[in-house]
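Working notes for the structure below.
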Amino acid sequence: MENTNDLISVIVPVYNVEKYLSQCINSLINQTYKNLEIILVDDGSLDNSGKICDEFSEIDDRIIVIHKENNGLSSARNAGLKIAKGNFIGFVDSDDWLDENMYEILFKLIKDNDSDISCCKFFKAADSEEKVPVIDNEIIQSFNNIDGLNNFYTDLYTQTVVAWNKLYKRNLFDNVTYPTGKIHEDEGTTYKLFYKANKITYTNKPLYYYRTTPN
């Protein structure tokens, strides 16, 4: 029996991404860390995205689907947070995909370093054939909340500010939600989570594939 305390809830806001969605969900289903709850939030998609979510929920019982009226990324994340059962939270954008070891590595970073947040590097990829460069010498760094916040002003900024290359302890989200109707909603939220964290641990391994599309 898997430890329910170690359940990771991964929240995926979905909007009009039928072309990329299956790859994203498959990269979650195939994670080496199996104790996952995968929450797909269909934010009023106008294409087949909602249908694809439902089809996946029939083949993997870890998948929960919410269909809601379109109200943007923040609102979709908040809807996922409302029902998430895990003690750990992750976010994935529905046109991106993950290295199969990402959550196993991020979970281990939190446990081994007694951290509240763990972060990995991400890799910008135009298509799924691109493979990340292999990092031979892994560098792991830990920061307290204030030093972690200072990374918003260093070359770690891009790794620091975004929501989706991280694993968070659930209790950081007590009284914290994503601001609806704002662009770059991560910037309005991540710093609050960092401030509440006792310790943040980074790895320089790129484990998250951030899709860059022409549009």
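With protein chains left intact and a 1.4 Å probe, residues in region 1-128 average 43 Å² of accessible area per residue. Full extension of the chain segment joining E104 with K51 gains 16.2 nm, where the gain is 0.36 nm per residue of separation less the Cα-Cα distance.
For the pair K82 and I135, label points projected 7 Å from Cα toward Cβ lie 3.6 nm apart. In whole percents, the pair-distance distribution calculated for region 57-96 from its alpha-carbon pairs, binned every 5 Å from zero, is 5, 17, 28, 30, 17, 3.
Approximating the spin labels as points 7 Å out from Cα along Cα→Cβ, the K68-to-K192 distance works out to 1.5 nm.
I'd like the carbon and sulfur percentage of the solvent accessible area for region 1-137, probe radius 1.4 Å, heavy atoms only, ligands and nucleic acids excluded. Carbon and sulfur atoms account for 47 percent of the accessible area of region 1-137.
How much of the calculated P(r) for region 1-145 lies past 26 Å, in percent of all Cα pairs?
26 percent
The values are calculated or read from the model by the stated rules, or taken from the named source; none is laboratory data. Small disclaimer: the values here were computed from a predicted structure and weren't measured. As a convention, Cβ positions derive from the backbone with ideal geometry for all residues, glycine included, and neighbour counts pool all protein chains shown. The accessibility values were calculated without ligands, DNA or RNA, using every heavy atom of the protein model including side chains. Shrake-Rupley method; radii C 1.70, N 1.55, O 1.52, S 1.80 Å.
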